[in-house]
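Visitor: Supplied in structure tokens, the structure appears directly below.
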Amino acid sequence: FLNQDLSEWSACRVQPSDNSPRWSTWQAPMRVQQALRCAQQLRAVLQGSTLAAKSLVGPAGHAAAEGLLVRQCMQRPGERSCTFGSIISAGPSRLMIQQGVTTAWRGFAASQTHRAADAAPAAGGAAMLAWRRMCTAAAFTATKHGAQAVGGASAVLPAVQQSLAAGLSHSAAKQVSAWLGFSAAWVASMVVLGGVTRLTRSGLSMTDWKFTGEKPPQSQADWDAEFAKYQMSPEFQKVNSRMTLDEFKFIYWMEYTHRMWGRILGLVFAVPAAYFVARGVVTRRLGTRLGLLFLMGGTQGLVGWWMVKSGLQAPTKEYDTPRVSPYRLAAHLASAFSIYAVLLWSALSLAAPVPQLAAAAPAVQAAAARLRGAAVPLSCLIAITAASGAFVAGLDAGHAYNTFPLMGGRIVPEEYWAIPGWRNAFENTAAVQFHHRVLALTTLAAVGATWVAHRGAPLPPSTHRWLGALAAVTAGQVALGVTTLLTYVPVSLGAAHQANALALFSVALALLHSLRRPLGAATPAARLFTPLAAAATVGVWAVVLRADKGATPLHPAVSH
């Protein structure tokens, strides 16, 4: 019955009832009202979604009675109670639907150029927007009982049941979404602050680490003792031997701020989490996701100290500059990006639990599937390029070959094969910078080609916007990277380049989120994401702790 209704509506909406060339402003509302009659074919979908949205509002008996009424209404569609108007004026989601229809009416009334042939499709689009908003409301409160009560809701409830928002009220889902979005923004600020800490060479100023936090120096004696610890480190002895106490204070406060900013993030995440748990808002699905984030957050702090410790060891070669391991730096950055990605995706999923493609025409879904096939590997390429940038930072490779597009007057630098074996790709300055250049230009070309190939496709408006943003941010990132290289990596441009890399990653995630499969058709990889991510995080703990156990501090003061 649902498929039949949708087919009739599709046929109705493409057959205009008036062939006059144009309307005047005062005629527009009348034409819209006439075209909206076609949208009555959507009443079965709206009724099913209405019940799903109301299933937790009243007692179970009320929901069951409502379900019976809806089934009877679907069987006798000519009755007055089954009209489009009665559906949009009933239920807790009527405001959402009325907003959608009102927006469409205002658009028509303000237009002087609409042809009558466009009346039915556009009005049908208004009804479709209303349906999508109803589906969104249903996603917040749908339950197994609601799914059993009405067969018409079966078009929406597969997405509802797999959504992170399943079992949450509308307001609760919005609150949790805002909290996770704020946490993601905090993580982004941590990434930028970490970049500034690295660019100012402040990361090795604190030679010990405590999980609960370090007490900063309070007196001159405290500062002298802290400076004495730093003076025993390889960085001071080989790079900063002439550093004064005042200069040390600057790099100390930079590193201290970076560490404390991360610990404050723990409170920003933990306190609201406890509040939502106390209110009974956290469902099993949401609780699993939050538990994963807690585990990842703790791992990030451990990986950060693991990275710093590598820079407190004496270099193996006499003329090497003391610096943190580029492998550990890349792991630290990848861990931060992973936490950010999970937070952002979770916030978006709570804000929009039903995929927008659930209400899309077959042609739109086909175009979205084609773009999804390109966007997934494209996002992986963006992530790999960002990871290669961590190796550039870890080796200070941005301070070499400060020309573009050639490196030392050649496309491939002469020193490309300076280190034998696979380590050349990760420890040779020339090779690392060359790879980052190639990956960046490949990303630019791939994003540009994807935008050109899909800019005219019948995609949802939000998807078009994210695709255009991806092309613009990618071009900006390449331009920023080249400028940073040519100017010998000033702190401001280096930090901006890292921040924009995260912005590019964010846009890619938002594009993928707008292309989610309709009706919650989760892939096996999506269903296994949480357990695999948890297993990987535990594996990182094991690797770090094992390496830490076998390490011997260079000096007694340089300890953990």
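Visitor: For the stretch 297-316, does any single residue satisfy the condition of being within 27 Å of SER163 (Cα to Cα), buried (at least 19 other Cβ atoms within 10 Å of the Cβ) and small (Gly, Ala, Ser)?
Guide: Yes, the stretch 297-316 has at least one match.
Visitor: Could you check the stretch 370-397 and list, in sequence order, the residues that are among the hydrophobic types (A, V, I, L, M, F, W, C), closer than 25 Å to TRP451 by Cβ and touching a residue at least 24 places away in the same chain (Cβ under 8 Å)?
Guide: Quick first cut of the stretch 370-397, residues among the hydrophobic types (A, V, I, L, M, F, W, C) only: 371, 374-376, 378, 380-384, 386-387, 390-393, 395, 397.
Still in the list and also closer than 25 Å to TRP451 by Cβ: 371, 374-376, 378, 380-384, 386-387.
Result: LEU371, ALA374, ALA375, VAL376, LEU378, LEU381, ILE382, ALA383, ILE384, ALA386, ALA387.
Visitor: Restricting the search to the stretch 466-506, which residues are open to solvent by less than 30 Å² (accessible area, probe 1.4 Å) and among the polar types (S, T, N, Q)?
Guide: Selection gives THR474, GLN477, THR484, SER506.
Visitor: Are any residues in the stretch 360-370 of a type in the set (A, V, I, L, M) and surrounded by fewer than 22 Cβ atoms within 10 Å (Cβ to Cβ), and if so, which ones? It would help to see each step written out before you state the result.
Guide: Applying the first criterion (of a type in the set (A, V, I, L, M)) to the stretch 360-370 yields 360-361, 363-364, 366-369.
The answer is ALA360, ALA361, ALA363, VAL364, ALA366, ALA367, ALA369.
Visitor: I'd like to know if the stretch 337-359 contains one or more residues that are assigned to a helix (DSSP H, G or I) and farther than 30 Å from ALA173 by Cβ. Quick ask: steps written out before the conclusion?
Guide: Filtering the stretch 337-359 for residues assigned to a helix (DSSP H, G or I) gives 337-351, 356-359.
Subsequent filtering for residues that are farther than 30 Å from ALA173 by Cβ retains none.
No; the residues of the stretch 337-359 include none that is assigned to a helix (DSSP H, G or I) and farther than 30 Å from ALA173 by Cβ.
Visitor: Something else about it: Has the stretch 448-462 got at least one residue that is under 15 Å from PHE391 (Cβ atoms) and touching a residue at least 12 places away in the same chain (Cβ under 8 Å)?
Guide: Applying the first criterion (under 15 Å from PHE391 (Cβ atoms)) to the stretch 448-462 yields none.
Among the residues of the stretch 448-462, not one is under 15 Å from PHE391 (Cβ atoms) and touching a residue at least 12 places away in the same chain (Cβ under 8 Å), which makes the answer no.
Visitor: For the list (1) at pLDDT 95 or above; (2) buried (at least 19 other Cβ atoms within 10 Å of the Cβ); (3) under 26 Å from LEU180 (Cα atoms), I need the number of the one condition that PRO272 fails.
Guide: With respect to (1) at pLDDT 95 or above; (2) buried (at least 19 other Cβ atoms within 10 Å of the Cβ); (3) under 26 Å from LEU180 (Cα atoms), PRO272 is out only on (2).
Visitor: Farther than 27 Å from ASP320 by Cβ and either touching a Pro at 6+ places or on another chain (Cβ under 6 Å) or free of Cβ contacts under 8 Å to residues at least 60 places away in the same chain (or both): is that true of PRO272 in this structure?
Guide: Against the criterion (farther than 27 Å from ASP320 by Cβ and either touching a Pro at 6+ places or on another chain (Cβ under 6 Å) or free of Cβ contacts under 8 Å to residues at least 60 places away in the same chain (or both)), PRO272 does not qualify.
Visitor: Residue check, GLU214 against (1) open to solvent by 30 Å² or more (accessible area, probe 1.4 Å); (2) within 33 Å of the chain's Cα centre (by Cα), all met but one. Which one?
Guide: It fails just one condition, (1).
Visitor: I'd like the residue in the stretch 414-464 that is among the β-branched types (Val, Ile, Thr) and surrounded by fewer than 18 Cβ atoms within 10 Å (Cβ to Cβ) and, out of all such residues, is modelled with the lowest pLDDT.
Guide: Initial filter on the stretch 414-464 (among the β-branched types (Val, Ile, Thr)): 419, 429, 432, 438, 442-443, 447, 450, 452, 463.
Subsequent filtering for residues that are surrounded by fewer than 18 Cβ atoms within 10 Å (Cβ to Cβ) retains 419, 438, 442, 452.
Values: ILE419: 92, VAL438: 97, THR442: 97, VAL452: 97.
Per the criteria, the residue is ILE419.
Visitor: LEU444 - would you say it is in a helix (DSSP H, G or I), closer than 21 Å to ALA383 by Cα, free of Cβ contacts under 8 Å to residues at least 60 places away in the same chain and in contact with a helix residue (DSSP H, G or I) (Cβ under 9 Å, 6 or more places away or on another chain)? Even if it seems obvious, please write down each step before you answer.
Guide: Values: in a helix (DSSP H, G or I): yes; closer than 21 Å to ALA383 by Cα: yes; free of Cβ contacts under 8 Å to residues at least 60 places away in the same chain: yes; in contact with a helix residue (DSSP H, G or I) (Cβ under 9 Å, 6 or more places away or on another chain): yes.
For LEU444, the condition - in a helix (DSSP H, G or I), closer than 21 Å to ALA383 by Cα, free of Cβ contacts under 8 Å to residues at least 60 places away in the same chain and in contact with a helix residue (DSSP H, G or I) (Cβ under 9 Å, 6 or more places away or on another chain) - is met.
The values are calculated or read from the model by the stated rules, or taken from the named source; none is laboratory data. Being a predicted model, the structure only gives us computed values, none of them experimental. Virtual Cβ from ideal backbone geometry, glycine too; neighbours counted across all protein chains shown. Surface accessibility is based on the protein's heavy atoms, side chains included, excluding ligands, DNA and RNA. Shrake-Rupley method; radii C 1.70, N 1.55, O 1.52, S 1.80 Å.
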